[in-house]
Amino acid sequence: MNITIYCGALSGANPEYEKKARELGAWMAENGHTLVYGAGDAGMMGAVSDGILENGGKAIGVTPNFFVLAEVTRDDLTELIVPDDMPERRVKMMELGDAFIALPGGTGTLDEIAEVIALKRLGKLGEIDKPIMIYNVDGYYDKLFEFFDDMADNEFCRREDRDYIIEVKCIEDIARVMENAGGIDENRNMQFV
């Protein structure tokens, strides 16, 4: 399956963030998943793409031309897609993804995964039931999950909308979510078991 990863172009203060990103990339390669991400070569993006490419996996980068010209894009990707601008990039990354994971990152990461969550809630993420995971490495997203719960408690989102935002804390959690997803049929419909 294609797993779209949203994460920081920086490494963050905790070395565990990059370590877990690299481990995720390696796990994806070992299990035949393809990385879809922002094509960066540094920080969390560099770590997850290193993990998958160093282990023989495939990585599809999606980034606008201004990042390519700034030379912050990996040059050893399986495929590089260069849309005109950031909005097109976001749409393409969602179109390509069969599942979504947010790793630790900043406002860009939060913005991108929030858009995926909002579109799923509106039924605009496509016909495929795509899992949305937030990888809570070392409690990085604890306060975000508290906020999601507060939104539901305060009736700014339905409890069932809150519940499809899956908190994962380790590779084994991600593996379980992907196993429960079961696979994609010939019409690219997610099959859950």
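Nothing in this text is a laboratory measurement; each read-out follows from the coordinates by a stated rule. This one's a predicted model, so the numbers in the text were calculated from it and none came from an experiment. Positions of Cβ are backbone-derived with ideal geometry, glycine not excepted, and every protein chain shown enters the neighbour counts.
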Give the shape of region 41-176 as rounded, prolate or oblate, defined through the alpha-carbon gyration tensor: a ≥ b ≥ c are the square roots of its eigenvalues, a/c under 1.5 means rounded, and otherwise the shape is prolate if a/b is larger than b/c and oblate if not.
prolate
Between Gly61, Gly139, Gly38, find the one with the highest GNM mean-square fluctuation for the chain; connect C-alpha pairs within less than 10 Å.
Gly139
Near Lys19, which lysines are there with a Cα under 25 Å away, not counting those fewer than 8 places off in the same chain?
Lys58, Lys143, Lys169
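Mind listing which trypsin sites (Lys or Arg not before Pro) in region 16-63 are in a DSSP loop and have 14 or fewer other Cβ atoms within 10 Å? Don't jump to the answer; show the numbers that get you there.
On the way: sites: Lys19, Lys20, Arg22, Lys58; in loops: none.
Here no trypsin sites (Lys or Arg not before Pro) fit, given the DSSP loop and packing criteria.
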Cross-link reach list, aspartates and glutamates versus Lys124, counting only Cα pairs under 12 Å and skipping chain neighbours closer than eight places:
Glu95, Glu115
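Express the relative contact order of the chain as a whole percentage, based on alpha carbon pairs under 8 Å and six or more residues apart in sequence. Please list the in-between numbers first.
Details: 354 pairs, mean separation 39.2, N = 193.
So the answer I get is 20 percent.
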What FRET efficiency do you get for Val68 and Glu16 if R0 is 25 Å and r is their Cβ-Cβ distance, rounded to the nearest 0.05?
0.25
Residue-averaged [θ]222 nm for the chain, counting only DSSP H segments that reach four residues, each worth -39500 (n - 2.57):
-13500 deg cm²/dmol
Using a Gaussian network model on the chain with a 10 Å cutoff between Cα atoms, which of Pro104, Pro87, Pro64 fluctuates the most?
Pro87
Quick one: among Ala152, Ala59, Ala181, which has the greatest mean-square fluctuation in a GNM of the chain with alpha-carbon springs under 10 angstrom?
Ala152
Within the chain, longest stretch free of exposed GluC sites (Glu not before Pro) [DSSP loop, at most 15 other beta carbons within 10 Å]
72-126
